[in-house]
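Trainee: The structure that follows is given in the form of C-alpha cells.
The values are calculated or read from the model by the stated rules, or taken from the named source; none is laboratory data. Keep in mind it's a predicted model, so treat the numbers as computed, not measured. Cβ sites come from the backbone with ideal geometry, for glycine too, and all protein chains shown count toward neighbours. Calculation scope for accessible area: heavy atoms of the full protein, side chains included, ligands and nucleic acids excluded. Shrake-Rupley method; radii C 1.70, N 1.55, O 1.52, S 1.80 Å.
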Amino acid sequence: MLKLEFKVTPWDVEGMVDYDKLIEQFGTSPLTDELLERTARLTKSELPIYFRRRFFFSHRDYDKILEDYESGRGFFLYTGRGPSGPMHIGHIIPFYATKWLQEKFGVNLYIQITDDEKFLFKNLTLDETKRWAYENILDIIAVGFDPDKTFIFQDSEFTKIYEMALPIAKKINYSMAKAVFGFNEQSKIGMIFYPAIQAAPTFFERKRCLIPAAIDQDPYWRLQRDFAESLGYYKTAALHSKFVPPLTGLEGKMSASKPETAVYLTDDPEEAGKKIWRFALTGGQPTLKEQREKGGNPEKCVVFKWLEIFFEEDDKKLMERYHACKAGELTCGECKRYLIKKVQEFLKEHQKKRKEAEKKVEKFKYTGELAREQWERAIPEKLR
Ligand code: TYM
C-alpha cells in the first residue's frame, strides 16, 4: 500500500516523500536550471549526475554562495556523519557531492563525526559510537578529499566544539528547539543541547558556510539561520538532496538498521549482488508474457532509481534503458544484472581506497594543514 502521508525528520523518513511539498513545508528554494548552469559555468565543468539529474533538488542561499565565490569573498564547506553503524550507498552520495564542490571551488571543508549524538540518541555505548566513527571515517576518506583542505573531527575528541556551541546554546530556548525537533518531557537533556553542537561548525570561518546533505538535516540549519546574524556570522547556506530509496521499495529512505534494505559500503561485493537480486523491487509485470506486451514501469522501479541516482553515468544509456523497459524489450532480470555489475565495480574500487585510507586518518584528523590550524586554534600552545 502506498502511504499518502510522509514524514521527514533528522531521525525518520516515512512514506512516499513529495519533494515539491517538502520545499514548501521547510521553506527552502528549488535548485533551478539557472543556478546549475551558473555552477557549470563558474567551475568550467560538466555537472556530476547527482546535480544534473536533480538528486540535489533544493537549497538555501546557494545563489549567495556563488556570488561570494565570484566576488572573491569565498566560502567554506561543512558536512557530517552520525556514526551509529556501517555506512550505506545513500550516506556516501552527499560526500561525493561535497568532494566535487571542494575540488572545483578549491575551498576548505569540515567534516563533523557526531559520536556524541549517536551515543545520546541511540542505544549504543560511547565506545561503540567511537568505533563506528573510525570505521566511517575510512569510508569518508576513500571518497578522495584534499587532506590539506579537509579537517575531519570527532566531537568527543575535538572538544573545542563545546566552546563554540556555548554562545549558540545561549541563543536557543527550549520552546524553539521543541518546535523544530519535537522534544518532550522524556527527552534526555543531552539531546536538547545537541543541536548547538551540530550548528557550531557553521561558524568555523568568517565566511558563508555551504552544507551539502540530504534534506533530513535541514531543521538544524533552519534553527542556525534564526540566530547566526545576531552572533556576527552568516546564515548558513545548504544544498539538499533527496533520499536513496531502500532496495525493497520507493517509500522512506535506505536505513542502516534494516540490512535487507541497504547495500553497505563494506558489503562483500558477491553478497551485495545476492541482496540486490533477492530484495530489489522492480516495476515489472507479474509474467514475462505481460512484460513483453505491456512493458515495465521504470517510475516504480528501485533498480532504475539507483541507476538514475548514482550508477549509470551515461545519460543516453539511461534514456535507452527507460524506453526499452517501457516497450517491454527488457526483463527485470537483465536490469538487475546490470545494476549488480555496476554496484560490484563501485564496491571493489571503494574498498580498495578504504584500505588505503587507513594510512591517511592521522593527516585528516591531526596533521593536515587545516587540521593543524584548527587544533592550534582550539588548544592554546601552552596547554598542548
Ligand atoms: P547521518 O549519519 O544520518 O547521515 C549522513 C549523511 O547522509 C545523508 N543521508 C542520506 N542521503 C541519501 N540517501 C539516504 N537514504 C540518506 N540517509 C542519510 C544525511 O542527510 C547526511 O548528509 N546528524 C548527522 C551528522 C551531521 C551532519 C552534519 C550531516 C553532523 N553535522 C552536517 C550533514 C551535515 C547524521 O546523523 O547524519
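Trainee: Taking the Cα atoms of the stretch 81-210, report the difference between the largest and smallest coordinate on each principal axis, in whole Å and largest first.
Mentor: Over the stretch 81-210, Cα extents along the principal axes are 44, 34, 25 Å.
Trainee: Using the per-residue mean of other Cβ atoms lying within 10 Å as a proxy for protection, in what order, highest first, do the peptides 247-255, 319-327 fall? Before the final figure, lay out the partial values.
Mentor: Working: 247-255: 18.6, 319-327: 16.1.
Descending packing order for the listed peptides: 247-255, 319-327.
Trainee: Nearest 500 deg cm²/dmol is fine: what mean residue ellipticity at 222 nm does the chain get from its DSSP H runs of n ≥ 4 alone, each adding -39,500 (n - 2.57), divided by its residue count? Let's see the in-between values first.
Mentor: Working: 17 runs with 183 residues, N = 384.
Dividing the helical sum by the residues of the chain leaves -14500 deg cm²/dmol.
Trainee: Given a 1.4 angstrom probe, I'd like the percentage of the accessible area of the stretch 103-207 that is carbon and sulfur, rounded to a whole number.
Mentor: On the way: 2450 of 4730 Å².
In the stretch 103-207, the share of accessible area belonging to carbon and sulfur is 52 percent.
Trainee: Ok, one more. Pop the C-beta distance of R337 and Q25 into the FRET formula with R0 = 41 Å and round what comes out to the nearest 0.05. Write down the numbers at each step before the final one.
Mentor: Values: r = 39 Å, r/R0 = 0.95.
Computed FRET efficiency for R337 and Q25: 0.55.
Trainee: Under 15 Å from a label point 7 Å along Cα→Cβ of V361: give me every residue in the stretch 140-183 with its amide N that close.
Mentor: Residues 140-142, 152-158 qualify, since their backbone N sits under 15 Å from the label point.
Trainee: Using packing as a proxy for protection, rank 196-205, 160-169 so that the peptide with the highest average count of other Cβ atoms within 10 Å comes first. Spell out each step's value before the answer.
Mentor: On the way: 196-205: 23.0, 160-169: 17.0.
The packing order, highest mean first, is 196-205, 160-169.
Trainee: From largest to smallest, what semi-axes in whole angstrom does the stretch 259-357 give when each is the square root of 5 times an eigenvalue of its alpha carbon gyration tensor?
Mentor: Working: eigenvalues 147, 43, 17 Å².
Each semi-axis is the square root of five times an eigenvalue, giving 27, 15, 9 Å.
Trainee: Let me ask something else. At a 1.4 Å probe, what is the % contribution of carbon and sulfur to the accessible area of the stretch 259-357?
Mentor: Working: 2880 of 5350 Å².
Ligands and nucleic acids excluded, carbon and sulfur reach 54 percent.
Trainee: Please report, in whole Å³, the volume per residue of the convex hull around the C-alpha atoms of the chain.
Mentor: Working: hull volume 56.9 nm³, N = 384.
Once divided by residue count, the hull of the chain is 148 Å³.
Trainee: Excluding same-chain residues fewer than 8 positions from K300, which aspartates and glutamates have a Cα within less than 12 Å of its Cα?
Mentor: E251
Trainee: So with the 1.4 Å probe, I'd like the accessible area per residue for the stretch 259-357, rounded to whole Å².
Mentor: Values: 5350 Å² over 99 residues.
Heavy-atom accessible area per residue stands at 54 Å².
Trainee: Long-range amide H contacts for V13: which residues qualify at under 5 Å (H placed 1.01 Å from N, peptide plane, sequence gap of 5 or more or a different chain)?
Mentor: Here K253 satisfy the definition.
Trainee: Another one. Considering the chain as a Gaussian network with a 10 Å cut-off on Cα pairs, which listed residue, W100, W11, W306, attains the greatest mean-square fluctuation?
Mentor: Of the options given, W11 has the highest mean-square fluctuation.
Trainee: Using the per-residue mean of other Cβ atoms lying within 10 Å as a proxy for protection, in what order, highest first, do the peptides 118-124, 236-242 fall?
Mentor: Values: 118-124: 17.9, 236-242: 25.3.
Highest-to-lowest ranking by the protection proxy: 236-242, 118-124.
Trainee: Under the Karplus relation 6.51 cos²θ - 1.76 cosθ + 1.60, θ = phi - 60°, what is the ordered set of whole-Hz ³J(HN,Hα) values for the stretch 135-150, x standing for Gly and Pro?
Mentor: Coupling constants for the stretch 135-150: 4, 5, 4, 4, 4, 5, 4, 4, 5, x, 6, 6, x, 8, 10, 10 Hz.
Trainee: With both bridge residues required to lie in the stretch 7-247, what share of the DSSP beta bridges run antiparallel, to the nearest 5%? Walk me through the numbers before you get to the answer.
Mentor: On the way: 8 of 26 bridges.
The answer is about 30 percent antiparallel.
Trainee: A follow-up question, please. Say each of Y162 and R377 gets a label point 7 Å from the Cα, pointing the same way as Cα to Cβ; how far apart are those two points in nm?
Mentor: Between Y162 and R377, the simple spin-label model gives 2.0 nm.
Trainee: Once a ≥ b ≥ c are taken as the square roots of the eigenvalues of the Cα gyration tensor of the stretch 25-74, is the result rounded (a/c under 1.5), prolate (a/b larger than b/c) or oblate (a/b not larger than b/c)? Intermediate results must be reported in sequence, preceding the final value.
Mentor: Numbers: a/c = 2.64, a/b = 1.15, b/c = 2.30.
In terms of gyration-tensor shape, oblate.
Trainee: In addition: Taking H as built 1.01 Å from N, whose amide H comes closer than 5 Å to the amide H of H59, not counting residues under 5 places away?
Mentor: HN-HN under 5 Å from H59: S29, L31, H240.
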